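Notes follow once the structure below has been shown.
The values are calculated or read from the model by the stated rules, or taken from the named source; none is laboratory data. None of these values were measured; they are calculated from a predicted model. Methodologically, a virtual Cβ is constructed for each residue, glycine included, from the backbone with ideal geometry; neighbour enumeration extends over all protein chains shown.
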């Protein structure tokens, strides 16, 4: 019998938290993720299922729907990433597959992505060093696909003043964390 222990994307038993000049970078291992792709000919039905899940809303281009416990953001034409707390939605992909049936292809994404929350008064200055998005123009619920340290990432604006969520490839979590922390030390 194996004695397995869950570790975070950065390899720790507990999420890593770094603070520089009042701005906090937190590793967030508590997010379950699944991608939803509408199947050809079932786009309207898929959108209806997603709207039902998200209280009548469907994320459009460059947007998220922030809702408890589920949230979703647009990733491409008729494609979305759905997130929920891992503690209560460990089988998120299976839950969504049961809901969407043949209208969508659903795939597990939890272990494919590392999630970091960046909060504090220096958040905008840090993001400006990291990637070519106009963070000061982004509003709550905006989502941008971008490159950070040569990694394809998503930046989601959670709060208009000081909070963004960064999703990047889990296989490169250490590199992404290093890039964000280096930008924090440089900008703040």
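For residues in the range 114-152 being in contact with a helix residue (DSSP H, G or I) (Cβ under 7 Å, 6 or more places away or on another chain) and in a strand (DSSP E or B), which is farthest from residue 80 (Cα to Cα)? Only one residue fits best here, namely 118.
For the range 58-86, which positions are in a loop (DSSP other than H, G, I, E, B), at pLDDT 95 or above and under 23 Å from residue 164 (Cβ atoms)? Once the filter is applied, which keeps residues that are in a loop (DSSP other than H, G, I, E, B), at pLDDT 95 or above and under 23 Å from residue 164 (Cβ atoms), the range 58-86 yields 58, 59, 60, 61, 62, 86.
Filtered by the rule that a residue be surrounded by fewer than 20 Cβ atoms within 10 Å (Cβ to Cβ) and under 15 Å from the mean Cα position of the chain (by Cα), the range 114-132 gives 117, 119.
Residues in the range 39-90 that are under 18 Å from residue 110 (Cα atoms), exposed (fewer than 13 other Cβ atoms within 10 Å of the Cβ) and without any contact (Cβ under 8 Å) to a residue 40 or more places away in the chain: 68, 69, 88. Checked against the criterion of being closer than 15 Å to residue 99 by Cα and surrounded by 16 or more Cβ atoms within 10 Å (Cβ to Cβ), the range 13-32 contains not a single residue that satisfies it.
Here is the figure for the range 153-174: residues that are out of contact with any strand residue (DSSP E or B) (no Cβ under 7 Å at 6 or more places or on another chain) and either in a helix (DSSP H, G or I) or surrounded by 21 or more Cβ atoms within 10 Å (Cβ to Cβ) (or both) total 2.
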